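Structure first, commentary second.
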Amino acid sequence: MKQKTQTLALLGMCTAAAMILSYVESFIPSLSPGLKIGLPNVVIVFVLYRFGWLAAGAVSLIRVLLTALSFGSMLSLAYGAAGAILSLVIMALLRKTQLFSAVGVSVAGGVAHNTAQIIVAAAVMDTHQVLYYLPLLIIGGTAAGILVGIAGGILLARLPQKHAVK
Amino acid sequence: MAAENKKRRRDMLLIGGVLLISGIALLLTLLFRAPGDQVVVEVDGAVFGTYDLHKDAEIQIETENGGYNVLVITDGFAAVTQASCPDKLCVHQHRISHSDESIICLPNKVVISIVTHNET
């Protein structure tokens, strides 16, 4: 029971940290629309490796919902949710295969995230024009995924498994 | 440790593969683009207007929910100079002149794209 409460509290903190990171990221200038580092994903990668896909999914979806409600719109909720869900599914599956490190997993997540958002944009705007951005966004997602994977790996190594929360 | 090294190598393969494929796709779209001659403006999937890329103009695009984008055509380039949307991504985007290039304003659902009619 104590373990469960601790985990719950920690996941709540992770959600808050992910939200703050989305806010912080909005201040980082972007080279092109849609190109972002995906700072909140550092937290998602950490939770995925430490607590599993269910916890990571919960943190990710609550983060997207709360961020859209506080700083965004219904439209940003649709984009955010599509990106978050597809990237989490891909990352959870790749992690299960044990083929890649956190870097490879988060690269796939970044690419999946951007692809999902482009598809939603194409559907919402009823145009295929946005698909021309896909190669650029995939390259961006790869670079972002490398950074996120390295940061997530550092976080996993630095925060010990038996975090003594007393 | 050996397992870690193997994972790292597979990471590199994954990253290399993704970059290679998207790099080729990017290169192909850059190579096969042609100078355009018309600017098509779509709002929410419906055509709002078509304009000549080689005639300087300033067009006010109004959307149903009260939003607007100002499209300016100068010297064969199209650019958005003003917009009602909060993020202003469309304003910060580079001006466009080649076929299939586009400026997109997600909040207003406005798509401005270049098309080529007289293929030579």
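The values are calculated or read from the model by the stated rules, or taken from the named source; none is laboratory data. Everything quoted here is computed from the prediction, not taken from an experiment. Don't worry about glycine lacking a Cβ; one is built from the backbone with ideal geometry, like all the others, and counts go over all protein chains shown.
Give the residue, chosen from B:48, B:32, that is at pLDDT 90 or above and aromatic (Phe, Trp, Tyr).
B:48
Please verify whether residue B:72 is farther than 30 Å from residue A:102 by Cα, touching a Lys or Arg at 6+ places or on another chain (Cβ under 7 Å), of a type in the set (Val, Ile, Thr) and more than 9 Å from every other protein chain (Cβ to nearest Cβ), treating the condition exactly as stated.
No, not satisfied.
Taking residue B:106 as meeting all but one of (1) in contact with a strand residue (DSSP E or B) (Cβ under 9 Å, 6 or more places away or on another chain); (2) hydrophobic (A, V, I, L, M, F, W, C); (3) modelled with pLDDT under 85, write down the number of the exception.
With respect to (1) in contact with a strand residue (DSSP E or B) (Cβ under 9 Å, 6 or more places away or on another chain); (2) hydrophobic (A, V, I, L, M, F, W, C); (3) modelled with pLDDT under 85, residue B:106 is out only on (1).
Please work out which residue is modelled with the lowest pLDDT, limiting yourself to region A:1-26 and to residues that are surrounded by 17 or more Cβ atoms within 10 Å (Cβ to Cβ) and farther than 19 Å from residue A:158 by Cβ.
A:22
Looking at (1) at positive phi; (2) surrounded by fewer than 18 Cβ atoms within 10 Å (Cβ to Cβ); (3) not hydroxyl-bearing (Ser, Thr, Tyr), which is the one condition that is false for residue A:29?
(1)
Which residue, of A:112, A:151, A:92, is closer than 19 Å to residue B:23 by Cβ and modelled with pLDDT of 95 or more?
A:112
Just one of the numbered conditions (1) at the interface with chain A (Cβ under 9 Å from one of its Cβ atoms); (2) in contact with a strand residue (DSSP E or B) (Cβ under 6 Å, 6 or more places away or on another chain) is not true of residue B:62; which one?
Only one criterion in (1) at the interface with chain A (Cβ under 9 Å from one of its Cβ atoms); (2) in contact with a strand residue (DSSP E or B) (Cβ under 6 Å, 6 or more places away or on another chain) is unmet by residue B:62, namely (1).
Small (Gly, Ala, Ser), under 13 Å from the mean Cα position of the chain (by Cα) and over 26 Å from residue B:104 (Cβ atoms), is that true of residue A:149?
Yes, satisfied.
Anything in region A:140-166 that is surrounded by fewer than 20 Cβ atoms within 10 Å (Cβ to Cβ) and within 30 Å of residue B:115 (Cα to Cα)? List them, or say none.
none
Within region A:32-73, track down each residue that is crowded, with 23+ Cβ neighbours inside 10 Å and among the aromatic types (Phe, Trp, Tyr).
A:46
Applying the selection to region A:121-146, what residues are more than 10 Å from chain B (Cβ to nearest Cβ) and more than 25 Å from residue B:27 (Cβ to Cβ)?
A:123
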